[in-house]
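The structure appears below as structure tokens.
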Amino acid sequence: MLKAVIFDLDGTLLDLPINYSTMYKKFSELTGIHEIRPLLKTITQIKNPQILKQVFDIWTEHELDIIDKITIHKEGMLLYNQYIELPKALVTMQGKETITKIRQKFNLQFDAIFTRENTCDRTEQLKLAITKLNTTPQDTLFIGNMDNDENAANQTGCQFIKV
């Protein structure tokens, strides 16, 4: 029985036109790492908390620069509205500051939110959300847009819809 829904943000509910190539160049200059992709794997290798904070600050700067260019992802928003009455969580690689502005702009409501500041591991984000929503993986639907999202849902035991 479906008791809660967890949403991804970028590419699922909204489309964020972030210029990743410019951002990756800044990350490379800061960290000395020449090959930034895959981004999340690279970030998990940064052990210096000051450097990691600077990376997250650059990332947030790029996100905030495009707030007015964000568009609604229709299929994801239809699902958001379909499940509006259920407890909901958001898992995202966007930052907390960005999410605050996005939630205000698009009037999105969640009972729990987990960002990159919590963890850059999607499976861990799902586990945190399931715990916070006080449900079980089997009773939780995760809606995302990437193979990584589907893999995390499978590892966690959630139901999954790919948009």
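Values in this text are rule-based calculations from the coordinates and carry no lab data. The structure presented is a predicted model; accordingly, all values stated were derived computationally and were not measured. Note that we place each Cβ from the backbone using ideal geometry, even for glycine, and neighbour counts take in every protein chain shown.
Membrane-span-like helices in the chain, defined purely by DSSP H runs whose alpha carbon atoms cover 18 Å or more axially and whose average Kyte-Doolittle hydropathy reaches -1.0, are 49-65.
Note on 77, 146: ascending count of other Cβ atoms within 10 Å places them as 146, 77, the fewest first. Treating each Cα of segment 71-126 as an identical point scatterer and summing with the Debye formula, the log10 of I(q)/I(0) at q = 0.13, 0.24 Å⁻¹ comes to -0.34, -1.10. For segment 5-100, the convex hull drawn through the C-alpha positions has a volume of 111 cubic angstrom per residue.
Loop-located trypsin sites (Lys or Arg not before Pro) in segment 39-134 (DSSP state not H, G, I, E or B) with no more than 12 neighbouring Cβ atoms inside 10 Å: 47. Along the charge dipole of segment 20-65, which of 31, 58, 21 sits closest to the positive end, that is, farthest toward it, with unit charges on the beta carbon of Lys, Arg, Asp and Glu (+1, +1, -1, -1)? So the residue furthest toward the plus end is 31. Only helices enter the 222 nm calculation for the chain: every DSSP H run of n ≥ 4 contributes -39,500 (n - 2.57), and dividing by all residues gives -14000 deg cm²/dmol, rounded to 500. As a rough footprinting exposure proxy, the listed residues 24, 80 were ranked by other beta carbons within 10 Å of their own, and the order from fewest upward is 24, 80. Pairs exceeding a 31 Å alpha-carbon distance, out of 25/47; 3/53; 3/69: 3/53; 3/69. Around the Cα centre of the chain, unit charges on the Cβ atoms of Lys, Arg, Asp and Glu (plus for the first two, minus for the last two) sum to a dipole of about 200 debye. Compute the separation of the alpha-carbon centres of segment 116-155 and segment 1-35 and state it in Å as a whole number. What the calculation gives is 16 Å, centre to centre. Restricting segment 54-163 to GluC sites (Glu not before Pro) that sit in a DSSP loop and have at most 10 other Cβ atoms within 10 Å of their own Cβ leaves 85.
For segment 20-65, the spread of Cα positions along the three principal axes, ordered from largest to smallest, is 27, 20, 17 Å.
Based on C-alpha pairs under 8 angstrom that are at least 6 apart in sequence, the chain has a relative contact order of 32 percent. The H on the amide N of residue 7, modeled in the peptide plane, is under 5 Å from the matching H of 89, 90, 91, 143, each at least 5 residues off or on a different chain. Gaussian network model of the chain, Cα springs within a sub-10 Å range: biggest mean-square fluctuation belongs to which of 27, 106, 114? In this elastic network of the chain, the residue with the biggest mean-square fluctuation among 27, 106, 114 is 106.
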